[in-house]
Amino acid sequence: MKIIITAVILLLCTIIPIIAIIVHENARTSDLTAELLARAPERGDFWPRKLSVPVVEKVKLRIRNVVTVTHGFAIPARGINAGEIKTGHYAIVEFTPEKPGEYDFYCTAWCSEFHLQMRGVLEVTAR
Ligand SMILES: [Cu+2]
């Protein structure tokens, strides 16, 4: 009987944290506008390289680093800088664009010899 109780407690100690992490991550990212993959330019660059969002609607982007070097993400015209995004990690940026236009985004961490090419465009469209 003691072995069964110990096994159940160990099982619960393993499963409950995993379920809590999954529920937390789902709640945190359920309202994403889009996800950007960050890869060094020779491995595919940002994907997608162009995003289109409507004006005056909240934008929530997840930038996921899927390669083995650190990347960064910034939209200078919007005053957004997510800082460094380490391998396997992601950053979330949220903002509400007030006027239509095209805003450049780019990597802010020196990730390869082609780092300066790692950029894209956020298009904010009129309603
Ligand atoms: Cu870079």
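The values are calculated or read from the model by the stated rules, or taken from the named source; none is laboratory data. Since the model is a prediction, treat every value here as computed from it, not as a measurement. Note that we place each Cβ from the backbone using ideal geometry, even for glycine, and neighbour counts take in every protein chain shown. Surface areas here come from the heavy atoms of the whole protein model, side chains and all, with no ligands, DNA or RNA. Shrake-Rupley method; radii C 1.70, N 1.55, O 1.52, S 1.80 Å.
For the reader, a short list of remarks on this structure follows.
- Total residues in the stretch 90-127, condition within 15 Å of the ligand (Cβ to nearest atom), farther than 15 Å from Arg49 by Cβ and in contact with a Ser or Thr (Cβ under 9 Å, 6 or more places away or on another chain): 3
- Some residue of the stretch 23-37 being on the phi > 0 side of the Ramachandran plot, more than 16 Å from the ligand (Cβ to nearest atom), over 16 Å from the mean Cα position of the chain (by Cα) and not aromatic (Phe, Trp, Tyr): no
- Residue in the stretch 29-40 that is most open to solvent (accessible area, probe 1.4 Å), counting only those that are assigned to a loop (DSSP other than H, G, I, E, B) and among the hydroxyl-bearing types (Ser, Thr, Tyr): Ser30
- Members of the stretch 57-82 that are in contact with a strand residue (DSSP E or B) (Cβ under 7 Å, 6 or more places away or on another chain), within 13 Å of the ligand (Cβ to nearest atom) and either of a type in the set (Ser, Thr, Tyr) or at pLDDT below 95 (or both): Thr70
- From the list Arg49, Arg43, Arg62, the one residue that fits, being touching a helix residue (DSSP H, G or I) at 6+ places or on another chain (Cβ under 8 Å), basic (Lys, Arg) and surrounded by 13 or more Cβ atoms within 10 Å (Cβ to Cβ), is Arg62.
- Top-ranked residue in the stretch 96-115 [being farther than 17 Å from Asn81 by Cβ and not in a loop (DSSP other than H, G, I, E, B); ranked as least open to solvent (accessible area, probe 1.4 Å)]: Gly101
- Identity of the residue in the stretch 62-77, in a strand (DSSP E or B) and of a type in the set (Val, Ile, Thr), that ends up nearest to the chain's Cα centre (by Cα): Ile63
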